[in-house]
Every structure is written in structure tokens, then in C-alpha cells.
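Below is one structure; the comments refer to it alone.
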Amino acid sequence: MGLMLLCNVEAYGQQPSVPDTVSSLEEVVVSTRRSPVGFSDDGNVDINLSRLSGLGGMFGETDVVNMLKKLPGVTSLSDMGSGLSVDGADFSQTSFEIDGVPVYFPYRLGGVFSAFNTWHFQRVSFERSPFSGASPARLGSRVGFHTYEKPAAETFTGRGSVGLLSSSLALRVFPSEKISLSGAARISYINQIYGKMLKVNDSRIATDFCDLNLTLIWRPDPGNTVTANGFMSRDVAEYGSSSYNGDLDIRWFNRQVSLAWRHTGRVDMSHRIYFTDFRNALRVGLMDVRMRAPSALENAGVSSEFVFPAIKGMADLVAGYSFNYYMLTPLWCESSGFGQDMEPVRNVQDCYDGKIFGDAGFQVDENLRLGFSVSGYIWKNGSYHRVDASPRLSLKLRFGSWSLAASGGVNHQYLHRIGFSEIGLASDFWFGASESSGPQLSAGGGVELSHRLPFGLTAAVSVYCRKVCGQPEYDGMIFDLIDREYDSMAHVLESDGYNAGAAISIRRESGRLTGMASYGYGVARRKYSGSDSWHYGATDPGHSLTISAEYAIDPRWTIGADFMLNSGRRYTPVEQLYMIGGNIISVYGGRNSAQLPPYHRLDLSAVFKIPPCGRNGRIRQSLSLGLLNAYGHRNVDARYFFIDSETGEYRQRDQSSLFRFLPSVSYILSF
């Protein structure tokens, strides 16, 4: 579904009983509807998911990660790409969290779903350029999924959907006024329904997933709330080709548990302890050769945040700390079929980081607000350690119907993620900053100017420019795994450079017709180690055009359309191939010097609300219809080069998107 979602605000639970006395009233028509998506002056977004209760999105649910891709400057570069690139930043520089606890790989193959079940959460926040010191040590944006903050007055609520791709169920139970238990589960059956559509020429693709969320809230008194969260997701993707007589599969898992205590009083405070991990395993079969290449990240941590009473002339004062332990296992490989099994080179990194931070906001007058934030970091990986500081400044100014927001500063990142997929697949692996690969750094900022127009419209223009240092990329390919002494850390290539760009957008957030249109252009330029020449970065955004709209025909029918047009993804081409002694030798062109064809897609959707039934109309039903890639364009996700075994000729092969077009019908029930 589009970014601007039309819906009625509907409440869960019991409704007041209808009085016996009925008075005759004139007809009342309510024509104003407001999107659950709220925009701030600085380009940040807050999505109220509780207001989506009456509407089913594409495939029966509204996937928030896909909603964010419709914002200016936000892209995943391809359908099969796994990640969000914001303003030219790398995928790993965008952080995802559940109640402040990181999730390290929330993506799924094909880009239709993410690992987050929307129905389990109350709201989602998107910070394009995080200002608060509470933000994790990342160079890019921050996406936070927030569970419900307190128990409600109902005794039982729920929602479920059955569709052609997946089924989902979410429940909230309230044993008492002080306790609530929430759970959401989802399972897919894509291969069973769409298996034939995933076969192209001599290749086949298969993918499935499942996920589970659990949340327990205990509020012993109005000033204290204890929240326990659990989350897991499991994915599998398989690829086979008869031309290569080979097959490949990737399996990946996310797990997370956390316990948080929030206290409100003279000094508001929150404390949490957590464990979260990500594991993957790549398996490759090529004729008689079998390879297995796993990696893992385990993270245990504690954090606290304190909000102090406002001081005269100061809007707010926030301080806090965090401490994390990481056990990182970069990609390693074991194989058989060479006549002699390989001896794997396995590296395990024990890393620690600590952070203290302080934020201060000054409300100079009713139209001007200034902010200052500083974070101090200490990082340790084996014998390597360093201490850094990240200062940040912000300004917000309003004058009539105009508003101006600017922010800038220095950010550090100590966790790196790279891989040979080029599009951020789950086979990518994490490793920590060290002597050979120091921390990433960015310095710069952005400005956004917005203006409220007639007819409920808002126009915005934004620019950004950031210098980046220590950007890691993987320098190799999947066949490197055959090397008997393969060491993934020997294939790390670093670069310095800059990201810069601008965007213009216009949006309408209320009324029967809502939507957004935006155009952006950005560049990501890099100088790689040992080279004085400028190259394109792997996430160079280029041009992007997005048009998203929804229209409420009447109280029952809502239709929507989303169109996206992006410059093709950058890649490093193979210019020549040689066969020497039975071995294939590749000669590459300039790094990221080639570009895939432009990406474009049109998605259509419609939702029909069935009249409510049950006591007080508590049972609500809807049908969701969707068509992904409506005109069936075969976008190119990857480009391969090979030697034809029959003719001996050098050939190029384009790998199309996972789905050429994808129809869907889903039934949604909420109560």
C-alpha cells in the first residue's frame, strides 16, 4: 500500500451500550480523514499503527519497511536487495530496533515483507538523521518499532488474515487492569502457491519464512511499567540452475529477548537489559563440490536513559549510557569434493563498547528551537581500542506557514557488514572495527525547508552533504570460497568519499485523497585504498521518482497506487573471461563503473470494508486486493557473465526480479 493510508480511526474492545432512548438526528457527513503517517519539520516520520486497524494493506497487511521506501531519498536499489539505503548510506548504516533493542537483519528476499509484523506494534518512528545520543552508533537513519506502552481497558482483542502468500494472527489479552499479554505470529507458503512463477528459463527460486513476537506488560502503579519482549524470525531462500548444474541456499535467523523498566516521576527514567543475535548459513553445491559458509553476531547489552525536569530557558535535558558485548564470527567456509576437505579459517571477535551521552534542547522563543547532543564512545576488539566523541547540533525555525530544520555533526560506527552479494543479501556478514579496518565516520548534515500550501498540501525541499571515511566493501566473489585458505577478513576494501544530494516533495495528509510525489537525486563517490581516482559508491542513489496515492471512494472502498522509478544499481562488470588450465580467470572493469537498467514498477491495491457485525459492531472484516508490478516489467536485479560450454563464447545473463507480477487476495478479521 502507499505511504498515505486512508482509514477510519477505530477503537478495539467493548463499545458503550446503546441507550434505550433514541432521538431523531439530521444526517451527519464526516468527510475529513487523516493519514496515520505524521511528518515533522526535520523530515522525520512517525506512523501510528493503531490507526491502521480498519484497513488491510498489500497482501493483507501494511509493511512499514516498504512504506518507508516511498520517502524521498530512501531506496533498496532492487527487489531482491535487502536493506534501506537512505541518502546514499550503506544498508548496514540504517539501524532497526524493537523498543530500543537492535535487530540486525530484518529483511526478506523479494522485498514484499520485512521481519516486522505490523499488527504487534503501536507505532513506528523513522529518523532520517538521528540527533539524540540515545541513537546507536550508526552513520545512517534509525527505524524504531514501539510496542504498546500500557495495558488497555479491554479484556481481549485480536486480528487475523489469510492471504495467498502468508497468514498472520495477532492477539492481546488483558488478565487484569495492570497486565497485558500480546502475541503475533506469521507464516508464509509462497512456494506452494507461486512456485511456478518463480521458475525462469533454466533457474528456480524458492523462499519461505515465519516470525513470532511476544510482549508482556505489567504496570503495578501509574508511575512504573515493566515490559518483557521476545522476537524471532526464520527465513530460507534457495536458488538452482540446470545450466551450472548447481544450487545455492541461504538460511538466516533473528532472535531477541529484552526486559525494560520505565519510571515516571520527578526524573523520568528507563532501563533495559537485552540479548539479540543474527545467524546465517550459505550452502553452495556445484557439481561434486559442496561448500558451507556460516557467520554470526551475538549481542548482549544494558542501557539507561534519564529525562530531567525542564530548567528555565531549557526545553529538556536527557542523559544516559549503554554497554554492549559482541561475539562476532565473520564468514568462514568448510567444503568437500576437491579430493581433500578444506581446513576452515575461522575468526571469532570478542568486542565491547560503552557509551555515555547528553542531549539539551533550548526553546529560544515560540518559533526557534536549538539542540545540542554529544556522545562519548569507547570501543575494544582484542588488543585494539579507541575513544571517540560525536557532537551534533540542530535548529528548528518556524515563520508563518514556512518551517526550516537543519542538523549536522559527527557520527561513528564500529560494526561493519559486507558480503559478495552486492545487494545486501542475508549471506553478508558482520565484523568489528580493528587495526586493519577502523571505525566508519561521517561528518556533515542536511537542511529541509517546508511550506504549507492551500488544499491541505505541504511542499518540502531538502539537501544533504556528508563526508564519509572508512567505508568497507567486499573485494571478491563467491568463488573465493573454493580457496583452501579462504579468510573473509582478507577481502575487506576500504574507501573514503562523500554522499550528497537533494529532494523535492509534495504531500497531502488528510481528506479523501491523500498521497505524496517526490523526486530526488543523489551521488555517492568513493576513493578506494591504493587509488587516487574517484569511483561510484555501491549505493549511489542517482535519480529517484516516487508517486503514491490513495482515494476513499466511499466508507467501504479505498483504492491505491504506487509508482517507483529509480536509476539502476551500480555494479563492477566482468570485461573479459579466460579459460586457463580448466580454470576461469575474470578481468574486471572499474569498481562500480557499470549500471543496471533503470528500475520501475507500478503497484495497485484496493480494500473493501465489510459492514461490522457482532455485539456493538466489534467484529470488523475487510478484503484486500493487490497487484504487485501491475504491468509485469522485468526489472534487472543482477547481471552475470559466463562462458557458454557449447560455443565457448563469452555471454551476459540478466537475473530478473523475484516476481514479474504478483496478484494477491487477503481476508482480514479484527475484533
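The values are calculated or read from the model by the stated rules, or taken from the named source; none is laboratory data. Owing to the predicted nature of the structure, the values given are computational and were not obtained by experimental measurement. FYI the Cβ positions are ideal-geometry reconstructions off the backbone, even for glycines, and counts take in every protein chain you see. To get the accessible areas, we keep the full protein, side chains included, count just its heavy atoms, and leave off ligands, DNA and RNA. Shrake-Rupley method; radii C 1.70, N 1.55, O 1.52, S 1.80 Å.
Please check the chain for the longest run free of GluC sites (Glu not before Pro) that are loop-located per DSSP (anything but H, G, I, E, B) and have at most 14 other Cβ atoms within 10 Å.
Within the chain, the longest run free of exposed GluC sites (Glu not before Pro) spans 178-365.
Quick one: which residues, 5+ away or cross-chain, put their amide H under 5 Å from the amide H of residue 268? H built at 1.01 Å from N.
Distant-sequence amide H within range of residue 268: 307.
So for the chain, taking the charge dipole from beta-carbon charges (+1 Lys/Arg, -1 Asp/Glu), which of 390, 533, 514 sits furthest toward the positive end?
The one lying farthest along the dipole's positive direction is 514.
Counting alpha carbon pairs within less than 8 Å and at least 6 residues apart, what relative contact order, in whole percent, applies to region 502-628?
19
Please work out how many pairs of lysine residues in the chain are eight or more positions apart (or on different chains) and have Cα atoms closer than 20 angstrom.
Lysine pairs meeting the criterion: 4.
Ignoring ligands, DNA and RNA, what percent of the accessible area of the chain is carbon or sulfur (1.4 Å)?
Whole-percent figure for carbon plus sulfur exposure: 59.
What number comes out for accessible area per residue over the chain if the probe is 1.4 Å? Units Å², please.
Heavy-atom SASA per residue in the chain reads 44 Å².
I'm spelling it out carefully: the read-out is Cα extents along the principal axes in Å, the candidates are (1) 110, 58, 47; (2) 93, 56, 49; (3) 195, 89, 71, and one was derived from this structure. Which label?
(2)
Considering amide H positions built from the backbone, and no H for Pro or chain starts, which residues 5 or more places from residue 477, or on another chain, come under 5 Å of its amide H?
The list, which skips near neighbours in sequence, is empty: none.
Mind checking the dipole of the chain: about its Cα centre, +1 per Lys or Arg Cβ, -1 per Asp or Glu Cβ, Debye to the nearest 20?
In debye, rounded to 20, the chain gives about 1500.
Would you tally the net charge around residue 253, using a Cβ to Cβ cut-off of less than 11 Å, leaving residue 253 out, and scoring K and R as +1, D and E as -1?
Neighbourhood net charge equals +1.
What trypsin sites (Lys or Arg not before Pro) does region 286-394 have in DSSP loop regions with at most 15 other beta carbons within 10 Å?
312, 346
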